[in-house]
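Nothing in this text is a laboratory measurement; each read-out follows from the coordinates by a stated rule. Here the structure is a predicted model, which is why all the values come from computation and not from measurement. Note that we place each Cβ from the backbone using ideal geometry, even for glycine, and neighbour counts take in every protein chain shown.
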């Protein structure tokens, strides 16, 4: 997946970019409307994350122009303004969704996934490891030609494992990804979800190994 | 329409009274003029006949050998016949000496050549007397003959009465016509004022455009002042909305930066101590950004609720949109949001406010629901239009149900969730602004919070 982030706040942009790369997405960053126009005229992105208030213009203007070129790249608006007043205008202008700053990165990912699912169906983001294929947008896991529909948390967990096979993930790290920071999560909850993934993966060459005291790791082959 | 203004008098009534009053005065003047003119004419014609009669008597006089002889012609009295049989008196004098007729009749034995006309009381009647004189000469002498003819005025009085009646009817008719015209002209004159009041009153609360319709010159200053007032009001409303949006932007952007950094750092840090510090930091950021957001939403809601913009809102469409929007969030906890539209549910209201209220309910439900549970959003219409949000969470603490919609009140079981205590307050305010009712309760079995909105049918 290749994303374009249009955001003038350098700090925030850097943070979003580093997090997106961590999740395995390629992301370009433009700080101005004119920069963003340069980017979209050279590459067809899968998704655009667009801030509203930009130094050389309004993100809404960019959106209007983008839609006027008959491009249907999905756009998610990042807004820091009050939701009450902004929401109608951005959706009317053809944005697919919006998210209010500050946001939970997992929520942003969830919205990206929902928008991509609506726009593209299932063709773009299929990962193959061993004898399984996994489409993190639609949440479909395929083993031996058999489709398994994953629930959202299972999907996110598997996506994380698949992003770096052979890496060890501690229980805390997994908990941070699956649960919001306000929930007090017991380690048992993680074991439940890992257990479910294991069950789904039964009969494939891919498995999740427990490393006592360290965490879990995805192995294949 | 009269809200706030002290009403004293009415332009229309004032205009009408003035017009009717002046037409009454004109009618009376008309009556008096017509009548006095008629009296004058009638008197003149009686005088002319009396004079003709006196003249014909004098014409019949001859002098023979110094003796005056008069053979009064029949026509002299016949011409004075009236339908009321007015009585006629006459008197003939020669050089001041009574010759014939009624001696008591006073004559104007003046020496003038022109005839004399007089009113007089005779035998208990008011009579009109005409005296005419003539000089008669033969070879020796010259005598002056004076003939006076008088007539009672019964017929004249009758005629005058007829004329007065006609003049009265004429005057009254004129008055009635003028009154009708006054009513019409008062209504016509006041019409542009009413028309403008109507156009302004029919406007929605957000419509602060200047009044551009053409108005009469006298209303120019009023409309000008109104337009300037609306301009100022519009500017200050826009300013407040802009301020709220700008305030949100200023508060949230740095928070977003800090949060993203904290999250990114959390991915790299392994030491449990540091991780829990970062988690606490993120929690505090969420807490404050949510509070800021809710405070601003609350300000916006209060601000809009004062002047509620009503349009026909299909709650089914509105909830569908909200559910679509919140589904990714619900997915993160594997919560299913079921939208159960049991029938058409439409009310008149402000869609932005209603959306905000419903979103707050579902936000709450999402926060308190366990993973892999279900939230139901039901809509139906019976004697009222109803909307209900039900979850499978722990429910509201029983002893606090009354206080929860109050500002900054949070349930005792809210510890460990992010919240400002304004969600239900906003919902309550919105429902109140729509003259509806909000009831919060717990599902009978298995707990679960339930919030119910009801609005009157349109």
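Ranked by the mean number of other Cβ atoms within 10 Å of their residues, highest first, the peptides A:127-140, B:9-22 come out as A:127-140, B:9-22.
Please compute the contact order of chain B in relative form: average sequence separation of alpha-carbon pairs under 8 Å and at least six residues apart, divided by the residue count, as a percent.
11 percent
Sorting B:290-300, A:18-28, A:153-163 by average packing, meaning the other beta carbons within 10 Å per residue, from highest down gives A:153-163, B:290-300, A:18-28. Give the average, rounded to an integer, of partner chain Cβ atoms located within 10 angstrom of each Cβ in B:323-330. If you average over the peptide's residues, the count of other-chain Cβ atoms is 4.
Peptide B:151-157 shows a mean partner chain C-beta count of 0 within 10 Å per residue C-beta. Take each residue of peptide B:294-300, count the partner chain Cβ atoms within 10 Å of its Cβ, and average: the result is 2.
Highest mean packing comes first when the peptides B:343-350, B:392-399 are listed by Cβ atoms within 10 Å, giving B:343-350, B:392-399.
Helix-derived [θ] at 222 nm for the protein assembly as shown: sum -39500 (n - 2.57) over DSSP H runs of at least 4, divide by residue count, nearest 500? Value at 222 nm, helices only: -16500 deg cm²/dmol.
DSSP assigns beta bridges within the protein assembly as shown; of those with both partners inside it, close to 75 percent run antiparallel.
The overall shape of the range B:259-351, judged from the alpha-carbon gyration tensor, is oblate: a/c is not under 1.5, and a/b is no greater than b/c. Note on residue B:100 and residue B:271: the model spin-label points, each 7 Å out from Cα along the C-beta direction, lie 16.1 nm apart.
Considering every alpha-carbon pair of chain B, the percent of pairs per 20 Å bin, from zero through the bin containing the longest distance, is 16, 25, 15, 11, 10, 12, 9, 2, 0. Every pair of different Cα atoms in the protein assembly as shown enters the Kirkwood calculation, which places the hydrodynamic radius at 34.3 Å.
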